Amino acid sequence: MSELAAVRAMLSKDLFVKFSPVLLDVKNLMPEHKQILSTIGEYFKRYQDKEDLTVDELRAFFSVANPAGHKASTSEILNRMESLDLPNEELIRDILSHFVELHMQSQLVALGTEMMNGSRATAYLEEEKLIEAHKELVQSLVVNRKQRGYREHIRDIRQRNKAGALRWALQWMNTGLGPVRPGTLGHIFARPNAGKTSFAIFNAAYWAYQWQQKEQPGEVLYLQNEEHPGEIRKRMMQCALGLTEAQIDSDYDKVEKKYLDKIGDRIIIEANADHMRSIVQHIEESECPRVVILDQGPTVAIPGGSDLTGPDRLRAV
């Protein structure tokens with residue numbers, strides 16, 4: 001129903017101009033909805049003086065714009081649009097915000113994949129432009145005073161938590177999500193070989209660097225079930241110092257000294273974190289580190305959980 005409400009909202013020319021590109025880019029949007037959106041766009045293009053469109057006008061124009069006819073399901077959708085009680089303006093903006101987020105996520109995943117495999121040299125710059133455009137679009141949805149009041153309240157809460165918070169290595173995450181506060185539980189989901197471990201290592205090195213620079217206590221306990229701890233440590237060095245693997249191997253002792261000078265011996269890497277008992281033991285032996293990263297959580301065995309699927313197993317962990 002939220003998708004249909006979003007399509008119905010596009011009968012306003014102002015909303016259509018701003019948000020139809022976002023809706024049309026949503027991968028799982030119903031084909032009938034996409035056809036209706038295209039027809040609305042054709043209507044506003046042909047009748048440029050019109051600011052709004054009724055469902056009756058859309059139905060009449062639909063036959064003109066689609067002379068080959070349309071599915072019975074499309075007629076049913078148009079009928080539902082006519083009888084739909086359009087939610088209030090605030091709820092419509094919430095619905096559109098949801099689709100804006102889906103649009104943003106899909107584009108960032110695509111650009112991030114191209115950036116990691118090196119197939120698109122300008123992907124990083126394009127991500128920055130995308131984020132700026134995203135900010136402007138989101139800002140256009142936030143207009144009423146109540147929402148501004150909520151934002152000010154949230155800002156106060158964030159200021160109170162700022163002292164114990166850690167910044168992400170990527171600036172757009174600090175802007176969009178805010179820093180990592182004490183007590184935060186996060187999950188990283190992505191396709192295989194999409195860079196989940198690289199993302200975790202990158203941030204672990206950056207968090208250790210923040211503590212080192214401020215001369216604050218803090219350790220990251222990195223638990224993993226795939227790579228040898230030595231390989232993880234080498235990747236930490238690459239992230240912290242910006243060196244290639246060959247540069248590290250050419251003078252490992254010298255590189256390790258630079259690494260420890262920059263972020264300290266603040267990252268504890270442990271293997272065999274494939275059972276809850278071993279995870280608890282590692283945490284206790286590390287004397288309660290400030291950050292715990294569990295790489296490959298769905299592979300962890302739990303008592304009585306042999307029949308659980310990956311997502312259920314992760315939830316239990």
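A few comments on the model shown:
- Screening the candidates I248, I283, I232 for the property of being in contact (Cβ under 8 Å) with a residue 12 or more places away in the chain, assigned to a helix (DSSP H, G or I) and surrounded by fewer than 18 Cβ atoms within 10 Å (Cβ to Cβ) yields one hit, I283.
- Taken over region 249-297, the criterion of being among the aliphatic types (A, V, I, L, M) and at pLDDT below 85 is satisfied by A271, A273, M276, I279, V280, I283.
- Residue match in region 211-225 (condition: closer than 17 Å to T299 by Cβ, part of a helix (DSSP H, G or I) and assigned by TED's automatic domain parsing to the domain that holds D295): no
- A204, sole failed condition from (1) over 22 Å from Q281 (Cβ atoms); (2) aliphatic (A, V, I, L, M); (3) touching a residue at least 24 places away in the same chain (Cβ under 8 Å): (1)
- For region 29-47, the criterion of being assigned by TED's automatic domain parsing to the domain that holds D94, at pLDDT 85 or above, in a loop (DSSP other than H, G, I, E, B) and out of contact with any strand residue (DSSP E or B) (no Cβ under 9 Å at 6 or more places or on another chain) is met by at least one residue.
The values are calculated or read from the model by the stated rules, or taken from the named source; none is laboratory data. It should be emphasised that the depicted structure is a prediction, and the values quoted were computed from it without experimental measurement. Every residue, glycine as well, gets a Cβ built from its backbone with ideal geometry; the counts of neighbours run over all protein chains shown.
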